[in-house]
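Note sheet for the following structure.
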Amino acid sequence: MVDIVNLSDGAELPNQLCLVRCVFTAATATGAEGILRHEAGGRVTSTRHTVSSGGFTAVVMLQPGNNRIVAQCGTHTCTRRLTHTPPDTDKCVRLIYVTCLNEEQFQGPKGMDRSANAAVRRIQCGALALQTFVAESLYEEGLDRKTFRFELTPKSLPKVHVLELPLTLLEVHNQSEERLWEVVAMQVLSSHLADGNCKYLAFLGATRYSNTAQQKVSSESEVLSLTRGHVSLGGGGLALVGTGALYAWPEHHTQLLSALADTRGVDTNTLMDFSGGRGSWGACFGTHLGSVLHELGHTFDLGHTRHGVMARGFEDMHLFFTAPLLHCAFSKHNARAGGNVRASLSSSCLLKEPLTFRTDFIVRQQQPSNINMTIAPLSHDTDTATSSDTSSSDAVDPDSDGAGTGLRSLTYKCNLG
């Protein structure tokens, strides 16, 4: 028998990317093949998956309205009819890729497409995953599936704006984390991107890891000492994160699960190891993705906790997406009267009791909860900061709207309170 354990028939989902957990109740040999079929809008797509740990996970992009998914292994099938209803709210999370005056590329291996277009596609994929994580985690807590909304492109993908800072790469590297947060906040709120209905999730493309001496890197502090332009701060209306591990992110949702399971070792002579000491590309992607959600959580007024995503539980993001069954040894913490939490299948364990718990990867001089996006005008005669945006993963014109203005010409100040 095969069962889709996280989705009930007739379920309504606000998230576009649907996570499907298929579990086989009868003995099925590891290595057997499972098939997932998705039917929507007159189109049918099928994907094949290898059975492991008693099942497999898959992701599908839902179409607005009615969708039908069928899981199959051998002669056994399981069907779910789903409805995708996007969040109905004016409020949204606005995604931004931040570039410099003289550099729009993020850091990655030689031969990789590291352009602003590639960054946009990777951010789109990661954003869809985070939207799904929030909805599924709330559901496993016995609540309705709810999640944040993104602006969408004509291709129904999260819209990522491209914003150019009036600073060179070197000038960015000479700024502290807190100052970079201020600068980006000033640029956003003095541009056409300013909107009281938005929270901002910004990715700084200027993060650069340099180990020219090819020294052995054995600790997180050593990784950070070799990295410039790394930011991990969230609070008020802005979460700003670095892109040191963006090279490990996939460009398409069909690559999401394989990217999280990527066992390639990180070459610390040339690439930032953001894996929490695990050393693989997949761990870099999972840890980086989880840390983005951590900082975004601060913009939703979530403080640090003893366990879970708002502590170091975000390091286990890969388990949430790749494990068909998530056994939680702390199911008593997840019990909710009248809820539908499964004692043996609780993805919310990532929010309550992570498998790993370490001190924060980033040693902060000031906690994100103390950072407020408070804007005070200094004068009225100034040039507006330039920016460009892309409505899809089509070509970005980094030269549009000029080259930007000097930082001193901005008329806003962000207060760290």
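The values are calculated or read from the model by the stated rules, or taken from the named source; none is laboratory data. This is a predicted model, so every value here is computed, not measured. Glycine gets a Cβ as well: all are built from the backbone with ideal geometry, and neighbour counts include every protein chain shown. With ligands, DNA and RNA removed, areas are computed over all heavy atoms of the protein, side chains included. Shrake-Rupley method; radii C 1.70, N 1.55, O 1.52, S 1.80 Å.
For the reader, a short list of remarks on this structure follows.
- Surface/4 estimate of mean projected area, convex hull on alpha-carbon atoms of the range 2-86, nm²: 4.9
- Cα gyration tensor shape for the range 92-322, rounded if a/c is under 1.5, else prolate or oblate: rounded
- Cα-Cα over 20 Å, subset of LYS155/LYS199; LYS91/LYS159; LYS146/LYS199: LYS155/LYS199
- Chain lengthening between LEU302 and LEU138 when straightened (0.36 nm per residue, less Cα-Cα): 57.5 nm
- Per-residue ³J(HN,Hα) for the range 191-204, Karplus 6.51 cos²θ - 1.76 cosθ + 1.60, θ = phi - 60°, Hz, x for Gly and Pro: 10, 5, 7, 5, 7, x, 8, 10, 9, 10, 10, 10, 10, 8
- Per residue, the range 92-322 exposes 33 Å² of accessible surface when a 1.4 Å probe is rolled over the protein heavy atoms with every protein chain present.
- Built amide H within the under 5 Å cut-off of VAL2, gap 5+: THR25, THR77
- Amide H within-cut-off set for TYR200, under 5 Å, with H built and near neighbours excluded: ARG94, LEU238, ALA239
- In a fully extended conformation the segment linking LYS155 and LEU170 would gain 1.8 nm over its present Cα-Cα distance, using 0.36 nm per residue.
- Overall form of the range 146-268 per C-alpha gyration tensor (a/c, 1.5; a/b vs b/c): oblate
- With contacts taken as Cα pairs under 8 Å and at least 6 residues apart, the range 92-322 reaches a relative contact order of 22 percent.
- Under 20 Å from the ARG43 label point (7 Å along Cα→beta-carbon), backbone N, the range 242-263: 251-257
- In order along the range 50-63, phi translates into HN-Hα couplings of 8, 6, 8, 6, x, x, 7, 10, 8, 10, 9, 8, 6, 9 Hz, rounded to whole numbers, per the Karplus curve 6.51 cos²θ - 1.76 cosθ + 1.60 with θ = phi - 60° and x for Gly and Pro.
- Within the range 49-66, backbone nitrogen closer than 12 Å to the virtual label 7 Å beyond the Cα of THR77 toward Cβ: none
- Charge sum, other residues only, whose C-beta stays under 13 Å from MET272's C-beta, Lys/Arg counted +1 and Asp/Glu -1: -2
- For the range 240-301: rounded, prolate or oblate by the Cα gyration tensor [a/c cutoff 1.5]: oblate
- Couplings 3J(HN,Hα) for the range 154-163, derived from phi with the Karplus relation 6.51 cos²θ - 1.76 cosθ + 1.60 (θ = phi - 60°), are x, 8, 6, 10, x, 7, 10, 7, 10, 10 Hz, where x marks Gly and Pro.
- Percent accessible area from carbon and sulfur atoms, the range 92-322, protein chains only, probe 1.4 Å: 49
- With the highest mean first, a sort of the peptides 40-50, 129-139, 223-233, 239-249 on other beta-carbon atoms found within 10 angstrom per residue produces 239-249, 129-139, 223-233, 40-50.
- Given their separation in residues at 0.36 nm each and the Cα-Cα distance between them, ARG264 and ASN197 gain 20.0 nm when the chain is fully extended.
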